[in-house]
Amino acid sequence: VSFLDQDRDPFPDEIHRGQLQDLLSVAPGGGKSILDLGAGSGRVALPLCACEHEVLAIDNDPEAATILGQQDIETIVCDFLKPGWDAVLGDRRFDLILMLGNTFMLVHEIDAALRLFEGLHPRVRDEGSLVLDAIPQLHWSEVADGYWVNGINEERGEVFRWAPDDNVFALRDARAAHADDPALHDSDRLHRLWTRGELELLARATGWNSPRLSPSGTLLFFEKA
Ligand SMILES: C[S@@+](CC[C@H](N)C(=O)[O-])C[C@H]1O[C@@H](n2cnc3c(N)ncnc32)[C@H](O)[C@@H]1O
């Protein structure tokens, strides 16, 4: 199943290129101030920097910070789910705030998502945007076509399991004692496959407009309501 394969290289080339093209067309001349949340090894931060944008990267993985630091990208190691995390930003505001490469699927708790969307609102300049992967548009058709089902991936030694009552799923080590348990556990790596409706509700509840799909269909832009 596509995105589950690689945290560090989350998308096929075509989607990666579509995202970059759409971001660069919003900010063609460089000079934008961009916050990249969960920047990883810089799939997006590096090309944006190369196009003369000013990028601040945030990641809670010190290894990511080392990689980005070696490329001269300003990086802060920090957990953006922790209440009050944004004190590390001082009074900085941004033209674009990005959460890409399936990073927002890791925000599976509704309260955490509400807190994040609310907290990022004053951090975006009036004409700026919060940008997420087009999660529903990229993945929902695969669910509808029957590719995302409970079961074991023998090759990866991993079990995929939906929550019994939500569009949240766990990825588990197939050797875990609870590998076949239908209930989700604290130790599971959880992801939310955000639907279009959920994202609209989240946006409207926190002062953003309903998201706009980018020309290549790979990104969602949220602007202030
Ligand atoms: C799937 S990678 C995406 C990397 C990059 N944004 C991309 O588009 O390729 C997710 C990144 O988010 C980071 N991350 C996940 N949860 C985080 C959190 N709560 N706070 C900060 N970083 C987080 C991970 O360490 C990882 O580097």
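Taking ILE34 as meeting all but one of (1) outside any strand (DSSP E or B); (2) in contact (Cβ under 8 Å) with a residue 60 or more places away in the chain, write down the number of the exception.
(1)
Scan the stretch 24-39 residue by residue and report those that are surrounded by fewer than 17 Cβ atoms within 10 Å (Cβ to Cβ) and within 16 Å of the ligand (Cβ to nearest atom).
LEU24
Could you figure out which of (1) loosely packed, with under 15 Cβ neighbours inside 10 Å; (2) closer than 25 Å to LEU202 by Cα; (3) out of contact with any strand residue (DSSP E or B) (no Cβ under 8 Å at 6 or more places or on another chain) isn't true of ILE15?
Exception for ILE15: condition (1).
Identify, by number, the condition in (1) in contact (Cβ under 8 Å) with a residue 40 or more places away in the chain; (2) part of a helix (DSSP H, G or I); (3) away from the ligand (no atom under 12 Å from the Cβ) that PHE104 doesn't meet.
It is condition (3) that PHE104 fails.
Would you confirm whether or not the stretch 123-133 contains a residue that is more than 19 Å from VAL55 (Cα to Cα), touching a residue at least 12 places away in the same chain (Cβ under 8 Å) and either surrounded by 14 or more Cβ atoms within 10 Å (Cβ to Cβ) or not hydroxyl-bearing (Ser, Thr, Tyr) (or both)?
Taking the stretch 123-133 first, the residues more than 19 Å from VAL55 (Cα to Cα) are none.
Within the stretch 123-133 (the criterion being more than 19 Å from VAL55 (Cα to Cα), touching a residue at least 12 places away in the same chain (Cβ under 8 Å) and either surrounded by 14 or more Cβ atoms within 10 Å (Cβ to Cβ) or not hydroxyl-bearing (Ser, Thr, Tyr) (or both)), the answer is no, since none of the residues qualifies.
Please go through the stretch 65-81 and give me each residue that is part of a helix (DSSP H, G or I), within 10 Å of the ligand (Cβ to nearest atom) and either surrounded by fewer than 16 Cβ atoms within 10 Å (Cβ to Cβ) or β-branched (Val, Ile, Thr) (or both), ordered by number.
Result: ILE67, single match.
Taking the condition over 30 Å from ASP166 (Cα atoms) and without any contact (Cβ under 8 Å) to a residue 12 or more places away in the chain, does GLN70 pass?
Against the criterion (over 30 Å from ASP166 (Cα atoms) and without any contact (Cβ under 8 Å) to a residue 12 or more places away in the chain), GLN70 qualifies.
Please count how many residues of the stretch 111-120 are touching a Leu at 6+ places or on another chain (Cβ under 8 Å) and more than 14 Å from the ligand (Cβ to nearest atom).
2
Could you grab me the full set of residues in the stretch 179-211 that are in a loop (DSSP other than H, G, I, E, B), farther than 20 Å from TRP148 by Cα and out of contact with any helix residue (DSSP H, G or I) (no Cβ under 8 Å at 6 or more places or on another chain)? Lay out the reasoning, then the answer.
First, the residues of the stretch 179-211 that are in a loop (DSSP other than H, G, I, E, B): 179-188, 193-195, 206-207, 209-211.
Subset that is farther than 20 Å from TRP148 by Cα: 186-187, 206-207, 209-211.
ASP186, SER187, listed by residue number.
What are the residues in the stretch 140-169 that are under 23 Å from ARG196 (Cβ atoms), part of a strand (DSSP E or B) and free of Cβ contacts under 8 Å to residues at least 60 places away in the same chain, if any?
Across the stretch 140-169, the qualifying residues are TRP162, PHE169.
For the stretch 52-64, which residues satisfy the criterion of being surrounded by 20 or more Cβ atoms within 10 Å (Cβ to Cβ) and under 20 Å from PHE94 (Cα atoms)?
Initially, the stretch 52-64 is screened for residues surrounded by 20 or more Cβ atoms within 10 Å (Cβ to Cβ), giving 53, 55-59, 64.
Scanning the stretch 52-64 gives HIS53, VAL55, LEU56, ALA57, ILE58, ASP59.
Could you look through the stretch 82-101, keep only residues that are in a strand (DSSP E or B) and within 9 Å of the ligand (Cβ to nearest atom), and pick out the one that is surrounded by the most Cβ atoms within 10 Å (Cβ to Cβ)?
Step one: of the stretch 82-101, the residues in a strand (DSSP E or B) are 94-99.
Applying the additional criterion that residues be within 9 Å of the ligand (Cβ to nearest atom) yields 98-99.
Values: LEU98: 27, MET99: 23.
Here the answer is LEU98.
Tell me whether the stretch 56-64 contains one or more residues that are more than 8 Å from the ligand (Cβ to nearest atom), touching a residue at least 12 places away in the same chain (Cβ under 8 Å) and closer than 22 Å to GLY128 by Cα.
yes
Read the figures in this text as sums done on the coordinates, not as results from a lab. Note that the coordinates shown come from a computational prediction; the quantities given were computed from them, not determined experimentally. Glycine also receives a Cβ, built like all others from the backbone with ideal geometry; neighbour counts cover every protein chain displayed.
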